[in-house]
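Read the structure below first, then the notes.
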Amino acid sequence: MATAIPSTAISYDPIFLQHKEAGHPESPDRLRAIINLLQIEDQAGNIRVPSPVLSPTSFFVPAPPISLERLEMVHPRSQIERIRILSMMGGHVDPDTYVVQESYEAALKAAGAITALVETVLQGRAQNAFALVRPPGHHASGTQAEGFCLFSNVAVAARTALRELGLKRVLIADFDVHHGNGTQAVFQRDSQVLFFSTHQSPLYPGTGDWRDTGIATGAGTKINVPLPPFSGDSALLEAYETILAPRARAYQPELILVSAGFDAHWRDPLASLGASITGFARIAEVLCGLADELCQGRIVFALEGGYDVEALAFGVLACLQVMNGRAGAIEDPLGPNRQPERNVQDHLAKVREFHLKSIS
Ligand SMILES: [Zn+2]
């Protein structure tokens with residue numbers, strides 16, 4: 001019997017291209033490069049999913065603005081109002097993080113897109129999903145927008161799944177090169193989210209120490225794997241295979257959310273972890289494999305960072321091919337890093353022993 005091709009839901013909205021500031025690395029060009037490579041717009045600018053590039057079982061899900069009720073499960077009303085009013089005026093939340101008139105609507109729809117995809121997957125209408133959104137979210141905590149992020153998109157989707165959609169345990173895996181400090185802050189005291197982050201260290205935002213596992217009732221459910229520059233694909237993959245996988249099996253999540261940033265790529269201008277497109281595909285294989293094994297394949301990817309637009313677009317395509325069971329089709333036109341990988345075996349062994357002691 002032929003194996004069924006998993007169906008993949010994709011969400012996107014043109015408003016995501018209207019959040020922009022001249023010369024800023026977190027630019028609409030990023031999403032435009034993905035749209036173009038995936039060919040999910042036709043000549044007239046209409047959304048077309050499945051596209052000639054995507055699996056015929058993929059389909060489009062509109063990005064509604066998140067409701068205030070759901071947004072307030074993560075952000076106090078005062079913080080939501082601050083972003084709304086600042087957007088009307090235009091300006092900066094911090095020196096790195098701009099807002100323009102369209103930013104508030106874009107941010108509402110970014111959180112809304114991911115949440116709509118979570119509902120789609122939980123209803124069994126799609127096996128898995130990818131939210132192509134901007135602005136990103138993983139640096140935004142409940143009360144602080146920062147690091148190009150306005151609302152904590154993935155956190156809002158996870159909270160909705162836990163409080164409204166009947167789930168008890170959600171895994172959030174974050175392979176963006178920067179620590180997902182905002183997401184972790186939201187769930188720091190919450191054992192209903194197993195949070196796993198690989199990130200370059202030292203690097204912005206400076207959090208995500210390997211001994212930081214959450215506090216109070218959340219203690220032990222946050223797993224940080226900081227990696228030095230040039231650790232490369234091998235170290236990243238080892239973290240997912242030998243730290244995340246056993247912890248996920250012990251935790252038994254009912255849904256996996258992925259903060260999918262592609263700035264760990266060796267060409268990225270903001271970081272130097274040294275990963276490749278092939279490396280991203282291998283991480284996606286581990287994550288999709290865990291979803292198949294533990295939660296009926298239910299996994300939703302959400303776009304975070306990635307500032308080399310070609311590496312970003314090919315990274316997203318590679319993940320989608322893995323999600324569609326077509327890992328063999330993956331192309332890595334940019335190739336591996338020319339700089340050799342740093343040997344971080346001793347560091348990884350120490351971090352692994354620390355994170356696995358709770359389940360041994
Ligand atoms: Zn990042």
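Some values worked out for this structure:
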read-out	value
Qualifying residue in segment 188-198 (condition: buried (at least 23 other Cβ atoms within 10 Å of the Cβ), within 15 Å of the ligand (Cβ to nearest atom) and within 20 Å of VAL286 (Cα to Cα))	yes
Test: GLU353 is exposed (fewer than 15 other Cβ atoms within 10 Å of the Cβ) and within 27 Å of THR183 (Cα to Cα)	yes
In segment 293-309, the residues that are touching a strand residue (DSSP E or B) at 6+ places or on another chain (Cβ under 9 Å) and assigned to a helix (DSSP H, G or I)	LEU294
Residue match in segment 276-293 (condition: of a type in the set (Gly, Ala, Ser), closer than 15 Å to ALA129 by Cα, in contact with an Asp or Glu (Cβ under 9 Å, 6 or more places away or on another chain) and buried (at least 23 other Cβ atoms within 10 Å of the Cβ))	no
Which listed residue, of ILE172, ILE215, is in contact with a helix residue (DSSP H, G or I) (Cβ under 7 Å, 6 or more places away or on another chain), away from the ligand (no atom under 12 Å from the Cβ) and hydrophobic (A, V, I, L, M, F, W, C)	ILE172
Qualifying residue in segment 306-318 (condition: more than 16 Å from the ligand (Cβ to nearest atom), β-branched (Val, Ile, Thr) and either touching a Phe, Trp or Tyr at 6+ places or on another chain (Cβ under 8 Å) or farther than 22 Å from LEU334 by Cα (or both))	no
Among (1) within 12 Å of the ligand (Cβ to nearest atom); (2) without any contact (Cβ under 8 Å) to a residue 24 or more places away in the chain - the single one ASP209 does not satisfy	(1)
Flag for ILE172 being in a strand (DSSP E or B), more than 20 Å from SER360 (Cα to Cα) and among the hydrophobic types (A, V, I, L, M, F, W, C)	yes
Residues that are buried (at least 18 other Cβ atoms within 10 Å of the Cβ) and more than 17 Å from the chain's Cα centre (by Cα), drawn from segment 1-12	PRO6, SER7
Qualifying position, being part of a strand (DSSP E or B) and surrounded by fewer than 24 Cβ atoms within 10 Å (Cβ to Cβ), among PRO226, PRO205	PRO226
Count - residues of segment 62-95 that are farther than 21 Å from ALA116 by Cβ and either at pLDDT below 95 or of a type outside the set (Lys, Arg) (or both)	15
Segment 69-94, residues that are surrounded by 12 or more Cβ atoms within 10 Å (Cβ to Cβ) and hydrophobic (A, V, I, L, M, F, W, C)	LEU71, MET73, VAL74, ILE80, ILE83, LEU86, MET88, VAL93
Condition check for ILE283: more than 16 Å from the ligand (Cβ to nearest atom) and touching a residue at least 24 places away in the same chain (Cβ under 8 Å)	no
Residues being more than 21 Å from the chain's Cα centre (by Cα), under 18 Å from VAL309 (Cβ atoms) and of a type in the set (A, V, I, L, M) - total across segment 13-57	2
Selection within segment 138-168 - among the polar types (S, T, N, Q) and assigned to a helix (DSSP H, G or I)	ASN153, THR160
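The values are calculated or read from the model by the stated rules, or taken from the named source; none is laboratory data. Everything numeric here is computed off the predicted structure, so don't read it as measured data. We place every Cβ from the backbone using ideal geometry, glycine too, and count neighbours over all the protein chains shown.
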